[in-house]
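All remarks here apply to the structure that follows.
The values are calculated or read from the model by the stated rules, or taken from the named source; none is laboratory data. From a predicted model like this one, the values you see are computed outputs, not experimental measurements. Positions of Cβ are backbone-derived with ideal geometry, glycine not excepted, and every protein chain shown enters the neighbour counts.
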Amino acid sequence: MTLKDLQTQVDEWISQFKSGYWAPLSINAQIFEEAGELSREINDRYGGRVKKSSEDTKDIGKEICDVMFALICLANSHKIDIDESWSKMMQERLYERDKNRYERKE
């Protein structure tokens, strides 16, 4: 599934509701809320935080998808083609600007 496919799937789901996409600030808040849930689970597993006995272990994959859904909503609400933006970012930043930034494997 391409990023464009994901954008279409999200848009089809959102389009069935009168309210449509939330305002950009609300979507931004959702991104940070979902990222916080992902961060908490990562910290529970690999960091110094000790989970309460009443807290469930969350699926990290699901938490990543929750962040992605919110990011796709933001992109769609701004008519941004993520495939195009991704390709541009990879070319300009990683393949050109940062091509010699890190030590390569032998």
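Criterion applied to 35, 29 was being surrounded by 14 or more Cβ atoms within 10 Å (Cβ to Cβ), at pLDDT 95 or above and in a helix (DSSP H, G or I), and the one residue passing it is 35. When the stretch 60-87 is limited to residues that are loosely packed, with under 11 Cβ neighbours inside 10 Å and without any contact (Cβ under 8 Å) to a residue 24 or more places away in the chain, the one that is nearest to the chain's Cα centre (by Cα) turns out to be 61. Among the residues of the stretch 57-82, those identified as closer than 26 Å to residue 13 by Cβ and not in a helix (DSSP H, G or I) are 58, 59, 78, 79, 80, 81.
Scanning the stretch 1-26 for residues that are closer than 20 Å to residue 86 by Cβ, at pLDDT 95 or above and of a type in the set (Val, Ile, Thr) yields a total of 2. For the stretch 80-95, does any single residue satisfy the condition of being among the basic types (Lys, Arg), touching a helix residue (DSSP H, G or I) at 6+ places or on another chain (Cβ under 7 Å) and on the phi < 0 side of the Ramachandran plot? No, that holds for no residue.
Residue 17 meets each of the listed conditions (1) surrounded by 11 or more Cβ atoms within 10 Å (Cβ to Cβ); (2) not in a helix (DSSP H, G or I) apart from (1).
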